[in-house]
Structure formats: C-alpha cells, structure tokens
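Enquirer: This is the structure I have questions about; it appears just below.
Values quoted throughout were computed directly from the atomic coordinates according to the rules given, and no laboratory measurement underlies them. Because the structure is a prediction, the values reported are computed rather than measured. Neighbour counts are summed over all protein chains in view; Cβ atoms, including those assigned to glycine, are modelled from backbone coordinates with ideal geometry.
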Amino acid sequence: MKSIISLFLSFLFSFSIATAQKPNQSNGYAAFDDDSTIVNPEDDDELYDRLHQNHTRLLFAPTARPLRMFEGYVSSYDIFFPMVAFGVTDFISMAGGMTLFPAQHQVLYLAPKVTPLHLRYLDVSLGGLWLKPTTGGTFDTSILYAVATLGPPTAALTLGVGRGFIGNEVNDAAIFMIGGELKVARHIKFIVESWNPPPTDWNITWFGFRFFNEKVSGDMSLMYIKSADPPLIPWLGFAYNFDFVGR
C-alpha cells in the first residue's frame, strides 16, 4: 500500500507542476468549468472558489490555502469531531470545536492559520493546533506547523512539517506530512495524505474520495494505521460552506 501511495504522490507532483506551468494563448493559465470549457483566465480564480469547496483541508490535515474574509464552514468528522472555521481576513483564519465522545470527558481544540504567501498556484501557511481537556487536566497538547500547497485545486500537492508540545515540553521529533488531491470527476476528488506522529513508529495514512458541490461536501475514506489492529478504520466527513457576503 505504501508503494502505491508513493507512486500516486509522485505522479501528482509531476502533474501539479505541469499544470501550474502550462500557459494559455493569453499568457495566463487555462481553467475549465464544469463542462470542460476553457474560461477567461482572469475569471478562473472565482470559478475555482465556486467549484472546489473545502480546498483548505485534506481528509484530516490542512492545506496551505486560505479562507477568504467572512468565508467559512461547519464540519464534522466521524461524528465525534465537529469543527467551525471562519476567515477573519483573507490571510488569517480560525477554526475550533469540541469532541462529542459518549463519555464525560471531552477535548477542546483551536486551530489558527496564517497565510503569508498566496500566489496563483502556490500557498505557504503557518498554523497551530491546541488541545485542552474539559476536565481541567494539565496535559495541554499543541502542534506548530508550516505547510505548502503547490498546484490548482484540480491537482495539487501539499507538504507539511510540525513540532509537537506537551505542556511546556517540546517533542524532539518533527512531524512530517505529505498529501495530494486530484479531481477525477465533475464533483469528485481523490485525496490522500500520510504523516508520522512521534514518538511512535506509526505511519497514519488517509485515502478516499470527496464528493462536493458549491455548498456541501462529504468525505468517504479509510484511515490506515501501521501496526494497529485493525489497521483500517472508516473515516467519514461532512462540511457545509458559508459566505456572509454572498460571493
């Protein structure tokens, strides 16, 4: 399985670079609408925003793409992990939520993200994930990360690196993540991501499909955990997108 995913990501890397560098006759970049019709390159950014919802996330990890100001979504992953995300500005966003485990103990989480570099087919972001148990425990956990996404929403590669903290203690090992997305049909994407959370030797990989339209998206995927029993766990996601200014 690991070799298949590596082959797919290698193909996606080559494809995303070729797509990002392919100019059209107007010295811009060709974009395609839902009926595979070439549109004016000046209009394709708005077209991508309309057709490729939830482009700020893979199946679990974030991409480097920003939410626009007053744009956001409400999502839930495997029922127990709801989240609300909102664009504070065009380059700063905030996300957060609380687990819904069928137990007394829950976990709060916040995930800010800043995108200092936003080019046509390249984004670079810095962000974090902060976890806090509702029982008032002292084991706050957080991750600081940097992530880059190369390519258009139809075929893109995302690379990330992070560092984990437990309280004030820094984990010595870095967290590495690689992910990719490829539009395979009018409203369907194939998405894969893989990362290694220290201090374990586990490799966690998500792979599956995202079904989307202008407002709603749903993920049907599997999470593969090396050395776990069972190694495959269903991972389902749902998101509703909103925009307070009606773009």
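Enquirer: May I ask you to list the residues of the stretch 174-194 whose amide nitrogen lies under 20 Å from a point 7 Å from Cα along the Cα→beta-carbon direction of THR141?
Expert: In the stretch 174-194, the label zone of THR141 (backbone N under 20 Å from the point 7 Å along Cα→Cβ) covers 174-178, 193-194.
Enquirer: Give the order of MET83, MET98 when sorted by the count of other beta carbons within 10 angstrom, beginning with the fewest. Intermediate values should be presented prior to the final figure.
Expert: Details: MET83 18, MET98 14.
Going from sparsest to densest Cβ surroundings: MET98, MET83.
Enquirer: Along the Cα→Cβ direction, 7 angstrom out, place labels at THR134 and LEU222. What is the inter-label distance in nm?
Expert: Modelled inter-label distance: 3.3 nm.
Enquirer: By how many nm would the segment from PHE209 to ILE92 grow when fully extended, if each residue of separation counts as 0.36 nm and the alpha-carbon distance is taken off?
Expert: Contour length minus Cα-Cα distance gives 39.4 nm.
Enquirer: Which FRET efficiency value, to the nearest 0.05, is calculated for VAL84 and GLU169 with the Förster distance at 30 angstrom and r the Cβ-Cβ distance?
Expert: With a Förster radius of 30 Å, E is 0.50.
Enquirer: Between HIS187 and VAL245, with labels modelled 7 Å along Cα→Cβ, what's the label distance in nm to one decimal, could you check?
Expert: Calculated label separation equals 2.7 nm.
Enquirer: Moving on to the next point. Determine the dipole magnitude for the stretch 147-218: charges of +1 sit on the beta-carbon of Lys and Arg, -1 on that of Asp and Glu, nothing else is charged, the reference point is the Cα centre, and the result goes in debye to the nearest 20. Can you show the working numbers first?
Expert: Details: 6 positive and 6 negative charges, 100 e Å.
Value, rounded to 20: 480 debye.
Enquirer: In nm, what is the difference between 0.36 nm times the number of residues separating LEU119 and PHE101 and their Cα-Cα distance? Intermediate results must be reported in sequence, preceding the final value.
Expert: Working: separation 18, 0.36 × 18 = 6.48 nm, distance 3.96 nm.
Taking 0.36 nm per residue and subtracting the Cα distance, the gain is 2.5 nm.
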